[in-house]
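Here is the structure we will look at, set down as structure tokens.
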Amino acid sequence: IYSQARDSSKIRNFNLKADFTSQLDKFNEVKFGFFVKYTDNNTNYGLRSLLFSNSNRDFKWDTKPIQGAIYLQDKLEFEAMVATVGLRVEFSDPNSEWFDYATYDPGFSASNSTLRDDLIVKRDLPTQVTWMPRLGMAFPISVDSKLFFNYGHYQSLPTPVDLYLIDYASDGGLNSIANPSADLEKTIAYEIGYEHNLFDQFLLRVTGYYKDISNESIDVDYFSSDGQVTYSRPEPVQYRDIRGFEFQLNKNRGDWITGFINYNYRVSSTGRFGLG
């Protein structure tokens, strides 16, 4: 038994971030900033066997995606309410070219493997921009207790495999192909809860939450009617609903004993759209 996996990838990340906060008056604290991430993906991994050379596979890509975000928020403080209102705008630029192909493009057949780059043109991938509002509100009930509510939109970037991987079969046909232009996974989250200070020693927190998740990717298989083109591709056709409540009791003070007790009850529902 021996290992066939080989990996000589080199990945470099460059990050730039800046934030600015200003207390405009006793009611408004404004904060804004930006974040930019540049990644140099020099990816090279696969399987190597001297005995079974037909099973050798190489996965390579050299890409330089750019991601970033800008945000603006205002913290409003009044006697009966504290609220944070914000907007975050994120962008994701694959910064590379990709095959512009039909679903059952004959260029992906094994017989056309040597002519593939001539049969299927490549085009620049589009930049995806997402607007994500955020809202947080807290209502003091007494010196020791408050109600709170949070709402926000979030997104998740796909893995590099789902962005750039192309897996060819040993005969030159296509096994699987990434989907870098797919819609990004999105989550809309709601949270409502109650916090109470007990004896200046414990913090009780009870929260109910709901998450609406869309554009989750799953692999969808495609088979042409003549059997010449068969492959899989990740498609954003799955959704999830998550709801539940959480109970937590914290003890952050004490010379000998600190810690917390947590209980989380969650229910999840999953479904799919389309041919998948």
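Can you give me the accessible area per residue for the chain, using a 1.4 Å probe, in Å²?
Counting only protein heavy atoms, the per-residue value for the chain is 64 Å².
Scan the chain and report its longest stretch carrying no chymotrypsin sites (Phe, Trp or Tyr not before Pro) that are both in a DSSP loop and have at most 12 other Cβ atoms within 10 Å.
With chymotrypsin sites (Phe, Trp or Tyr not before Pro) excluded where exposed in loops, the chain gives 79-198 as its longest stretch.
Can you show me the helix-derived [θ] at 222 nm for the chain, built from DSSP H runs with n ≥ 4 at -39,500 (n - 2.57) apiece and divided by the number of residues, rounded to the nearest 500.
Here the helix-only value at 222 nm equals -500 deg cm²/dmol.
Please compare each pair in 10/122; 37/64; 37/211; 122/186; 10/60; 60/122 to a cut-off of 22 Å on the Cα-Cα distance and tell me which ones are over it.
Beyond 22 Å between Cα atoms: 10/122; 37/211; 122/186.
So what are the ³J(HN,Hα) numbers for the range 107-112, from phi and the Karplus equation (6.51, -1.76, 1.60; θ = phi - 60°), rounded to whole Hz, Gly and Pro as x?
Here the 3J(HN,Hα) series is x, 8, 6, 4, 5, 10 Hz.
With charges only on Cβ, +1 for K and R and -1 for D and E, what is the dipole size of the range 156-276 about its Cα centre, in debye, rounded to 20?
Dipole of the range 156-276, to the nearest 20 debye: 580 debye.
In whole Hz and in residue order, list the ³J(HN,Hα) couplings for the range 208-214 that follow from phi through the Karplus curve 6.51 cos²θ - 1.76 cosθ + 1.60, θ = phi - 60°; x for Gly and Pro.
Along the range 208-214, the couplings run x, 9, 8, 10, 10, 10, 10 Hz.
Quick check for me: using +1 on Lys/Arg Cβ and -1 on Asp/Glu Cβ, what's the dipole size of the chain about its Cα centre, in debye to the nearest 20?
The dipole of the chain has a size of about 600 debye.
Taking the alpha-carbon distance from residue 251 and a cut-off under 25 Å, which lysines remain once sequence neighbours fewer than 8 residues away in the same chain are dropped?
Within the straight-line limit of under 25 Å, residue 251 reaches these lysines: 146.
Compactness ratio of the range 142-276: Cα Rg over 2.2 N^0.38 Å, N = residue count? Each step should come with its number before you reach the end.
Working: Rg = 22.9 Å, N = 135, 2.2 N^0.38 = 14.2 Å.
Normalised Cα radius of gyration, the range 142-276: 1.61.
Across 10 Å bins from the origin, how do the percents of Cα pairs in the range 92-211 run, short distances first?
11, 26, 19, 14, 13, 10, 6, 1
Between residue 182 and residues 5 or more places away or on another chain, which pairs have amide H atoms under 5 Å apart, with H built 1.01 Å from N, and which residues are they?
none
Dividing the Cα convex hull volume of the range 55-122 by residue count, how many Å³ per residue is that?
With only Cα atoms used, the range 55-122 gives 191 Å³ per residue.
Scale the Cα Rg of the range 27-172 by the rule-of-thumb value 2.2 N^0.38 Å and send over the ratio, two decimals.
After normalising by residue count via 2.2 N^0.38 Å, the value is 1.67.
Among 71, 142, 81, whose Cα projects farthest towards the positive end of the dipole of the chain, with charges put on the beta-carbon of Lys, Arg (+1) and Asp, Glu (-1)?
Checked the options; the winner is 142.
Just the projected area, averaged over all directions, of the convex hull on the alpha carbon atoms of the chain: how many nm²?
21.7
Find, among the trypsin sites (Lys or Arg not before Pro) in the range 44-124, those assigned to loop by DSSP (not H, G, I, E, B) with at most 15 other beta-carbon atoms within 10 angstrom.
For trypsin sites (Lys or Arg not before Pro) across the range 44-124 that sit outside H, G, I, E and B with at most 15 neighbouring Cβ atoms in 10 Å, the list reads 48.
Using every pair of alpha-carbon atoms in the range 215-276, split the distances into 10 Å bins beginning at 0 and state the percent of pairs per bin, rounded to integers.
17, 24, 19, 15, 13, 8, 3, 1
Among 178, 114, 18, whose Cα sits farthest toward the positive end of the charge dipole of the chain (+1 at Cβ of Lys/Arg, -1 at Cβ of Asp/Glu, about the Cα centre)?
18
Quick one: compute the contact order of the chain, relative version, from alpha carbon pairs under 8 angstrom and 6+ residues apart, as a percent.
Relative contact order here is 11 percent.
Can you give me the relative contact order of the range 151-226 as a percent, contacts being Cα pairs under 8 Å and 6 or more apart?
Over the range 151-226, the number comes to 27 percent.
The values are calculated or read from the model by the stated rules, or taken from the named source; none is laboratory data. Since this is a predicted model, take the numbers as computed values, not measurements. Quick reminder, even Gly has a Cβ in these numbers, built from the backbone with ideal geometry, and neighbours come from all protein chains shown. We work out accessible area using only protein heavy atoms, side chains counted, and drop any ligands, DNA or RNA first. Shrake-Rupley method; radii C 1.70, N 1.55, O 1.52, S 1.80 Å.
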